[in-house]
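Enquirer: Shown below is the structure under consideration.
The values are calculated or read from the model by the stated rules, or taken from the named source; none is laboratory data. From a predicted model like this one, the values you see are computed outputs, not experimental measurements. Please note: Cβ atoms are built from the backbone with ideal geometry, for glycine as well, and neighbour counts cover all protein chains shown. Surface accessibility is based on the protein's heavy atoms, side chains included, excluding ligands, DNA and RNA. Shrake-Rupley method; radii C 1.70, N 1.55, O 1.52, S 1.80 Å.
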Amino acid sequence: MPAGLFTAGAIAAMVATTLSTHNASSVITNPPPDKIVIEIATVNGSGCPAGTAAVAVSPDNTAFTVTYSDYLAQVGVGAKPTDFRKNCQLNLIVHVPQGFTYAIASADYRGYAHLESGAKGTQKASYYFQGSSVTTPSSHSFNGSYSDNWQATDRVDLASLVWAPCGELRNFNINTELRVNAGSSDPAKTTSFMTMDSTDGDINTIYHLAWKECPKK
């Protein structure tokens with residue numbers, strides 16, 4: 001997928017947070033007023049091969065959507081041995097106004113799943129800054145029989161937020177994974193699958209960012 005940009009309100013999916021310093025005036029309730037730009041450095045993974053992931057920003061810059069057209073994990077009839085697990089890694093360069101830093105506060109994912117009785121589907125995600133060993137992992141499971149749309153929401157407690165280092169430009173990585181296990185179902189006669197359709201972001205849903213001011217030097 002070619003490099004692209006999220007502008008201003010592409011990150012307007014933000015929630016306020018409290019600065020954990022001794023300066024009470026650092027409490028903010030809104031995102032920075034200046035433009036924020038997210039550059040997509042790379043998109044890699046079996047769940048998002050070249051040309052199958054697209055990014056769109058809403059006209060009013062208050063939402064963004066990552067759409068996948070080939071993010072499918074499956075087991076059973078017609079599936080290859082490696083199809084049971086698919087993944088995608090988004091590597092983002094986030095440019096924020098000087099004096100501010102951010103963290104992912106919540107994220108939503110959705111898709112469709114058809115799981116035979118006894119089968120199981122799992123959606124996983126993790127977030128981390130380049131060069132950091134601190135990750136924020138999550139996992140959501142769906143048990144068969146199941147044949148419907150699915151949605152998973154990750155929320156991070158304030159105390160567990162992982163903040164971008166102040167004054168440094170660190171790439172931000174978002175890893176997602178879909179996995180389908182046949183379990184007690186019969187993969188010789190049935191097919192179970194799980195798809196990721198899109199990752200949306202707006203002021204009420206996906207990829208909410210928490211903001212705080214950096215300590216003044």
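Enquirer: If only one of ASP108, ASP83, ASP70 is among the acidic types (Asp, Glu) and at pLDDT 95 or above, which one is it?
Expert: Exactly one residue qualifies, and that residue is ASP83.
Enquirer: Still on this structure: Looking only at segment 89-105, decide whether some residue is modelled with pLDDT of 80 or more and surrounded by fewer than 21 Cβ atoms within 10 Å (Cβ to Cβ).
Expert: Scanning segment 89-105, I find at least one residue that is modelled with pLDDT of 80 or more and surrounded by fewer than 21 Cβ atoms within 10 Å (Cβ to Cβ), so the answer is yes.
Enquirer: Further, regarding this structure: Report the residue count in segment 128-149 for those that are under 24 Å from SER192 (Cα atoms), open to solvent by 50 Å² or more (accessible area, probe 1.4 Å) and not in a strand (DSSP E or B).
Expert: Number satisfying all stated conditions: 1.
Enquirer: Now for a different question. Answer yes if at least one residue in segment 117-127 is at pLDDT below 90, among the β-branched types (Val, Ile, Thr) and surrounded by 13 or more Cβ atoms within 10 Å (Cβ to Cβ), and no otherwise.
Expert: No - not one qualifying residue is present in segment 117-127.
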